[in-house]
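Asker: Quick one: this structure, given as structure tokens, is what I'll be asking you about.
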Amino acid sequence: MPPNRIGPILLFLAGHMLIGIAVGWSILGALLWFDIGGLWRLIGGSAHMGIVLTMLLIGFAITFGSVAMGSAIVALEEDRKGPGGRGFRVRLLRRLDGRAIPETSL
């Protein structure tokens with residue numbers, strides 16, 4: 001597949017990934033700020049605070065970014081406009097593939 005045809009799906013996934021990372025880091029910030037379960041005291045008293053925070057940031061980014069991308073893909077709905085009710089998913093596939101998709105194939 002030519003690289004110029006991948007743009008719409010990558011933009012779609014990257015946008016949702018960034019939203020998921022922002023939500024995950026916000027939750028991590030709240031956990032640390034409110035010292036839930038003594039987490040901040042435990043991390044603050046550690047000699048390896050930078051490593052621990054980096055691991056937490058990466059873990060939360062991977063987890064929440066993946067959840068946001070997965071839920072965005074699952075939630076793709078066909079809007080009911082036009083013949084056959086073909087929505088965003090079909091338009092996205094047409095952009096990626098570059099050819100018309102017959103009505104009976106979906």
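Asker: Looking only at helices (runs of 4 or more DSSP H) that fall completely inside the chain, which ones have 1 or more residues that are among the charged types (D, E, K, R), at negative phi and modelled with pLDDT under 95?
Answerer: Correct list: 88-97.
Asker: Please verify whether the stretch 5-23 includes one or more residues that are free of Cβ contacts under 8 Å to residues at least 40 places away in the same chain and either farther than 25 Å from ALA75 by Cα or in contact with a strand residue (DSSP E or B) (Cβ under 6 Å, 6 or more places away or on another chain) (or both).
Answerer: No: zero hits.
The values are calculated or read from the model by the stated rules, or taken from the named source; none is laboratory data. This is a predicted model, so every value here is computed, not measured. When we count neighbours, we look across all protein chains shown, and the Cβ atoms used for this are built from the backbone with ideal geometry, even at glycine.
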